[in-house]
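Here the structure is laid out as structure tokens; the discussion comes afterwards.
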Amino acid sequence: MAGKKSPMTQERIQMLESLGFEWIRDDYDCKFDVQYQELLKYKEEHGDCLVPQVYAPNQKMARWVRKQQEYFRDLEDGKPSPLTTARLHMLEDIGFAFERGSRKGRRRWNDRYAELVRYKETYGDCLISEDDETYAGLGRWVFKLKTDTAQLKFHLLLSSRGA
């Protein structure tokens, strides 16, 4: 704007800055704020922040959610990330799931757990065989839980010993 005098004086600059006026705001800040508001709407409607990867009503938000998860992994790996501490806390405060996982998988786990509760009510224990023909799916699920948990405990034991 060569040749034009700016209406901005030092006094006006100070007045604006005293209000907390931000002179430069990057594109990511704006996108974050907009998509965060969209996520709040989603949570209000669905009760959680578990946005599916394919979400036809707002695919842009679904992609944004995946990016926040990616940025979180970058932070964990010590890589540069636009996910600041403030943004991280904002997302944590609304129950954001930083780890990817399918809603279907969580629902399936909850269904199996409910089935195990019914089994215990009927038989008085959770000692179901992997080969039980009547409860075949439940038996395999319990066996996998025990195997996965044993592996996790072993890994934690080794980690605690510095191995």
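The values are calculated or read from the model by the stated rules, or taken from the named source; none is laboratory data. These numbers come from a predicted model, not from an experiment. Backbone-built Cβ (ideal geometry, glycine too); neighbour counts: all protein chains shown. The accessibility values were calculated without ligands, DNA or RNA, using every heavy atom of the protein model including side chains. Shrake-Rupley method; radii C 1.70, N 1.55, O 1.52, S 1.80 Å.
Here are a few things to note about the model shown:
- For the pair CYS30 and THR9, a Förster radius of 35 Å applied to the C-beta separation gives a FRET efficiency near 0.80, rounded to the nearest 0.05.
- Segment ASP111-ALA136, extension gain: residue separation times 0.36 nm, minus the distance between their alpha carbons: 7.6 nm
- Of the residues SER18, SER159, SER81, ranked by 1.4 Å probe accessible area with the largest first, the sequence reads SER18, SER159, SER81.
- Inter-probe distance in nm under a simple model that places probes 7 Å from Cα toward Cβ, at ARG161 and GLN53: 3.8 nm
- Ranking of TYR135, TYR42 by solvent-accessible surface, largest first: TYR135, TYR42 (1.4 Å probe, protein heavy atoms only, all chains present).
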